[in-house]
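Chemist: One structure is given below, represented as structure tokens, and several questions about it will come after.
The values are calculated or read from the model by the stated rules, or taken from the named source; none is laboratory data. From a predicted model like this one, the values you see are computed outputs, not experimental measurements. Ideal geometry is used to build each Cβ from the backbone, glycine not excepted, and the neighbour counts take in all protein chains shown.
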Amino acid sequence: MSVEQKAGQVLMPWYSGTNVEAHAATIERLHLAGSIIMGDNVPLDANGQVNPAAMTAINTRLAHASRADGRPWPGLIGVDQEGGIVARLGTPLTEWPTPMSYGAAGNAALAKEAAHGMAAELAPLGFNVDFAPDTDVTIGPADPTIGARSMSGNPDTAGALGISFFQGMLAAGVLPAVKHFPGHGSVAVDSHQDLPVQPASLDELKARDWKPFQAAIAAGAPMVMTGHIAVAALEPGVPASLSRPTYAALRGLGFNGVAITDALNMGAVQKHYPGGSAAPAALAAGADLLLMPADVGLAHAAIVQAVAAGSLPAERLTEAAQRVATMLTWRGRLAAQAGTQAGVPAGAAPGSGSELSGRVSAAAVTVVSGPCSGPLVPGSVQLAGGSPQDRARFEAAAAKAGLATGSGPLVTLIGYNGRPAGGDIAVALDAPWPLGASSSPTKIALYGRTQGAFDALANVLSGKAAAPGKLPAAVGTFPAGTGCP
């Protein structure tokens with residue numbers, strides 16, 4: 001491959017809108033590795049739902065573009081589909097609860113099954129990468145970015161569940177990306193906006209934030225995403241995604257796969273590395289794949305120029321491109337072994353995981369305080385909070401469980417980043433942190449707002465089902481592990 005081809009092979013860009021032909025032309029011209037699909041790239045039908053056939057056509061066009069220069073391995077077609085607040089593809093694909101649900105359920109086999117179900121719906125649409133699982137260890141309310149995207153506040157649990165999750169994805173033919181090394185769950189600034197600083201010592205990081213990554217690497221994770229976090233103990237003031245000591249630390253954990261940066265158009269990088277300068281800097285530091293540079297043309301040119309100037313060693317670029325090509329070749333073989341046609345898993349129909357998604361929520365729902373047996377409410381409840389969709393789903397679930405709405409105890413729904421609530425029963429639909437300061441005598445963590453999650457809630461309220469979940473992280477005065485026996 002020429003320098004220009006290698007420079008393209010390490011870039012995974014985004015594009016705006018649904019003009020796939022213009023983006024495909026850019027991929028061909030710059031020899032790009034592939035593309036990430038963001039929310040505004042997803043084609044919708046007349047009802048505002050994802051159009052699976054149109055999505056497949058877009059991904060097929062992008063895949064063809066990435067092989068236009070004759071490379072024998074497939075291009076990368078990726079998406080952010082974690083479940084909960086991070087899901088670019090909505091209905092008719094299955095809606096999944098937050099990843100914290102798996103920590104609350106404490107069931108690695110269930111996490112693996114769910115990840116396989118998620119990936120099995122993505123693969124037939126042409127996706128071969130999902131930027132999940134998030135193995136960050138959350139520290140609780142002081143963590144403004146990760147929250148319920150984290151599976152647990154316990155490093156060992158986060159590691160075990162992360163392994164199960166990525167193994168489930170791989171079994172369906174989709175490449176996972178374990179994220180965000182060196183750990184985004186213990187910093188107090190959102191890297192989408194600015195550069196967070198991690199003040200912990202290396203010993204502290206090894207004992208907490210790095211543990212899930214160490215476990216995932218030992219289990220064979222093919223790709224690790226680096227976050228835009230400045231680690232004072234490694235390289236003060238420099239985002240980990242552009243820091244040579246950080247990549248050295250990652251490789252020191254035994255990682256030989258593809259190190260991909262978090263999106264380079266995020267505030268933590270954009271504010272400090274103008275133009276295309278972040279791209280060659282990240283490669284020189286040790287990154288192999290650069291996600292979403294702000295301007296892919298500028299980034300490509302900057303890489304080529306850096307090699308010519310000697311500031312980016314040619315062998316470093318070759319190493320990065322080779323790692324990406326090797327991973328994609330390996331994934332193709334893995335998918336073929338899984339019983340596929342043309343390297344694409346047979347997969348599952350959109351929405352086929354809905355029953356499984358509901359089982360995840362039923363296993364996760366946690367009574368933080370209040371009765372652990374029998375009906376929690378009489379035959380009718382009042383409802384407050386949440387979005388119009390949340391309330392509609394609650395009412396549908398209540399009707400199925402034999403509960404009326406309009407009178408009785410007050411159930412208050414707390415949405416994403418919501419405030420503590422009053423009423424008789426407070427229900428956290430995302431991270432459970434608001435329950436700590438809620439005045440309600442009965443507090444329930446649901447970790448999701450899917451219809452299956454509300455069905456699980458209604459069954460607990462009506463006494464038709466127990467709440468088996470346990471808090472995966474401390475909430476106020478309630479320690480991790482709180483829940484019904």
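Here's the yes/no breakdown for (1) touching a helix residue (DSSP H, G or I) at 6+ places or on another chain (Cβ under 9 Å); (2) of a type in the set (D, E, K, R); (3) surrounded by 19 or more Cβ atoms within 10 Å (Cβ to Cβ):
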residue	(1), (2), (3)
Val197	no, no, no
Ala207	yes, no, no
Gly220	yes, no, no
Gly227	yes, no, yes
Ala233	yes, no, no
Leu250	yes, no, yes
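Chemist: Moving on. Restricting to region 432-485, name every residue that is among the charged types (D, E, K, R) and in a loop (DSSP other than H, G, I, E, B).
Modeler: If the condition is that a residue be among the charged types (D, E, K, R) and in a loop (DSSP other than H, G, I, E, B), then Arg449, Lys464 are the ones that fit.
Chemist: Residues Gly379, Gly386, Gly423, Gly408: which one is surrounded by fewer than 17 Cβ atoms within 10 Å (Cβ to Cβ) and either closer than 24 Å to Gly162 by Cβ or touching a Leu at 6+ places or on another chain (Cβ under 7 Å) (or both)?
Modeler: Gly379
Chemist: Quick check on region 59-73. Is at least one of its residues acidic (Asp, Glu) and modelled with pLDDT of 95 or more? Before you say what the answer is, go through the steps one by one.
Modeler: Initially, region 59-73 is screened for residues acidic (Asp, Glu), giving 69.
Right, trim to modelled with pLDDT of 95 or more and you get none.
No, region 59-73 contains no residue that is acidic (Asp, Glu) and modelled with pLDDT of 95 or more.
Chemist: Of all residues in region 256-290, count the ones that are in a loop (DSSP other than H, G, I, E, B) and aliphatic (A, V, I, L, M). Even if it seems obvious, please write down each step before you answer.
Modeler: Taking region 256-290 first, the residues in a loop (DSSP other than H, G, I, E, B) are 256-257, 262-266, 271-277, 286-288.
Retained after the next criterion (residues that are aliphatic (A, V, I, L, M)): 263-264, 266, 287.
Adding up the residues that qualify gives 4.
Chemist: Does Gly103 qualify as being under 21 Å from the mean Cα position of the chain (by Cα), small (Gly, Ala, Ser) and not assigned by TED's automatic domain parsing to the domain that holds Tyr447?
Modeler: Here the answer is yes, as Gly103 does meet what is asked.
Chemist: Determine if region 363-379 includes at least one residue that is without any contact (Cβ under 8 Å) to a residue 60 or more places away in the chain, not assigned by TED's automatic domain parsing to the domain that holds Glu82 and not acidic (Asp, Glu).
Modeler: yes
Chemist: Is it true that Gly332 is outside the structural domain of Pro99 (by TED's automatic domain parsing), of a type outside the set (D, E, K, R) and surrounded by fewer than 22 Cβ atoms within 10 Å (Cβ to Cβ)?
Modeler: In short, no.
Chemist: Continuing with the same structure: So if I check each of Leu93, Leu76, Leu89, which one is touching a Pro at 6+ places or on another chain (Cβ under 6 Å), modelled with pLDDT of 95 or more and more than 20 Å from Pro472 (Cβ to Cβ)?
Modeler: Result: Leu93 is the single residue among Leu93, Leu76, Leu89 that is touching a Pro at 6+ places or on another chain (Cβ under 6 Å), modelled with pLDDT of 95 or more and more than 20 Å from Pro472 (Cβ to Cβ).
Chemist: Where in region 129-245 are the helices (runs of 4 or more DSSP H), entirely inside, with at least 2 residues that are under 16 Å from the mean Cα position of the chain (by Cα), under 30 Å from Gly353 (Cβ atoms) and among the aliphatic types (A, V, I, L, M)?
Modeler: 155-171
Chemist: Another question about this same structure. Filter region 154-179 down to the residues that are farther than 18 Å from Val324 by Cα and among the aliphatic types (A, V, I, L, M), then identify the one that is surrounded by the most Cβ atoms within 10 Å (Cβ to Cβ).
Modeler: Top of the filtered list is Ala158.
Chemist: Select from region 49-71 the residues that are free of Cβ contacts under 8 Å to residues at least 60 places away in the same chain and assigned to a loop (DSSP other than H, G, I, E, B) and write down the one among them that is farthest from the chain's Cα centre (by Cα).
Modeler: Taking the candidates together, the pick is Gly70.
Chemist: If you check every pair at least six apart or on different chains, which have Cβ atoms under 6 Å apart with a residue in region 256-268 that is under 16 Å from Ala230 (Cα atoms) first and a residue that is polar (S, T, N, Q) second?
Modeler: Sorted first by the residue in region 256-268, then by its partner, the pairs are Thr261/Thr226; Thr261/Ser241; Asp262/Ser241; Met266/Ser191; Gly267/Gln193; Ala268/Ser191.
Chemist: Now for a different question. May I ask you to verify whether Thr405 is of a type in the set (Ser, Thr, Tyr) and within 22 Å of Gly351 (Cα to Cα)?
Modeler: In short, no.
Chemist: Also: For Ala302, are the conditions met, namely being surrounded by fewer than 24 Cβ atoms within 10 Å (Cβ to Cβ) and either closer than 20 Å to Gly8 by Cβ or of a type outside the set (Gly, Ala, Ser) (or both)?
Modeler: Yes, satisfied.
Chemist: Filtering region 32-43 down to residues that are in a loop (DSSP other than H, G, I, E, B) and in contact with a helix residue (DSSP H, G or I) (Cβ under 6 Å, 6 or more places away or on another chain), which residue is surrounded by the fewest Cβ atoms within 10 Å (Cβ to Cβ)?
Modeler: Result: Pro43.
Chemist: Answer yes or no as to whether Ala46 is more than 25 Å from the chain's Cα centre (by Cα), hydrophobic (A, V, I, L, M, F, W, C) and in a helix (DSSP H, G or I).
Modeler: Numbers: more than 25 Å from the chain's Cα centre (by Cα): yes; hydrophobic (A, V, I, L, M, F, W, C): yes; in a helix (DSSP H, G or I): no.
So Ala46 fails the test.
Chemist: State yes or no: is Lys179 more than 25 Å from Val475 (Cα to Cα) and touching a Phe, Trp or Tyr at 6+ places or on another chain (Cβ under 8 Å)? If you could, list the steps in order and put the result at the bottom.
Modeler: Numbers: more than 25 Å from Val475 (Cα to Cα): no; touching a Phe, Trp or Tyr at 6+ places or on another chain (Cβ under 8 Å): yes.
Against the criterion (more than 25 Å from Val475 (Cα to Cα) and touching a Phe, Trp or Tyr at 6+ places or on another chain (Cβ under 8 Å)), Lys179 does not qualify.
Chemist: List the residue pairs whose Cβ atoms are under 8 Å apart, where the first residue sits in region 178-203 and is at positive phi, the second is assigned to a loop (DSSP other than H, G, I, E, B), and the two are 6 or more positions apart or on different chains.
Modeler: Gly183/Asp136; Gly183/Arg208; Gly183/Asp209; Gly183/Trp210; Gly183/Gly227; Gly183/Ile229
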